[in-house]
1. From the Cα gyration tensor of the stretch 86-133, with a ≥ b ≥ c the square roots of its eigenvalues, which class applies: rounded if a/c is under 1.5, or else prolate if a/b is larger than b/c, or else oblate?
2. What's the magnitude of the charge dipole for the chain around its Cα centre, counting Lys and Arg as +1 and Asp and Glu as -1 at the beta-carbon? Answer in Debye, nearest 20.
3. Carbon and sulfur: what percent of the stretch 33-133's accessible surface (1.4 Å probe)?
4. Run lengths n ≥ 4 of DSSP H only: what is the helix-derived mean residue ellipticity at 222 nm for the chain, with -39500 (n - 2.57) per run over all residues, to the nearest 500?
5. Angle between the Cα long axis of helix 89-100 and the longest principal axis of the chain, 0 to 90 degrees, nearest 10?
6. Quick one: what are the phi-derived ³J(HN,Hα) couplings along the stretch 66-83, Karplus 6.51/-1.76/1.60 with θ = phi - 60°, whole Hz, x for glycine and proline?
7. Any idea of the accessible area per residue across the chain, 1.4 Å probe, to the nearest Å²?
8. Let me make sure I get this right: for the stretch 35-110, a, b and c are the square roots of the gyration tensor eigenvalues over alpha carbons, sorted descending. Under 1.5 in a/c it's rounded, otherwise prolate if a/b > b/c, else oblate. Which is it?
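The values are calculated or read from the model by the stated rules, or taken from the named source; none is laboratory data. Computed from a prediction, not measured in an experiment: that's the story for all the values here. No Cβ is skipped: glycine too gets one built from the backbone with ideal geometry, and neighbour counts run over all protein chains shown. Just so you know, the surface numbers come from the protein's heavy atoms only, side chains and all, with ligands and any DNA or RNA stripped out. Shrake-Rupley method; radii C 1.70, N 1.55, O 1.52, S 1.80 Å.
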Amino acid sequence: MTHLRLNPEGLMAPRGFTHAVLPAQGRLVFLAGQTAHAADMSIPQDLVEQFDAACANVATALAAAGGSPEHLVSMQIFVTDVAEYVRRRPEIREAWQRHLGGDYPAAALVEVSALVDPAAKVELMGVAVVPGA
């Protein structure tokens with residue numbers, strides 16, 4: 001059984017998110033905020049490189065819980081520069097799809113003044129429901 005992704009008429013056409021997700025029955029997985037940090041604590045400088053690495057970290061954390069990207073039902077995207085995010089959306093979409101596929105969860109994009117590491121430009125925090133688990 002898969003999650004039902006809903007984009008009702010009367011709402012704007014979604015780009016990179018789904019308006020509502022009705023999850024299949026399963027085990028809830030709450031993912032901590034994932035930045036672009038590697039195991040050695042190194043972090044790239046470029047926003048898209050950071051987004052790419054953060055997506056990879058989300059996929060790794062989710063896999064450790066027995067899930068996969070299509071199980072994501074919600075994602076909060078925190079960035080320090082929304083204008084740059086919007087300007088580089090095509091590259092960001094490619095990074096998302098490379099690691100998390102084409103099924104978008106319900107999502108929000110929020111600009112913040114800073115993240116816990118001053119070098120971090122993006123942090124992803126999500127919820128997944130792993131069906132049948």
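1. Working: a/c = 2.30, a/b = 1.41, b/c = 1.63.
Oblate, since a/c reaches 1.5 and b/c is not below a/b.
2. On the way: 9 positive and 14 negative charges, 77 e Å.
Using Cβ point charges on Lys, Arg, Asp and Glu, the chain gives about 380 debye.
3. Details: 2540 of 4650 Å².
In the stretch 33-133, the share of accessible area belonging to carbon and sulfur is 55 percent.
4. Computed ellipticity for the chain at 222 nm equals -8500 deg cm²/dmol.
5. Roughly 60 degrees, rounded to the nearest 10.
6. x, x, 9, x, 5, 8, 5, 10, 8, 8, 10, 10, 9, 10, 8, 8, 4, 4
7. On the way: 7130 Å² over 133 residues.
On a per-residue basis, the chain sits at 54 Å².
8. oblate
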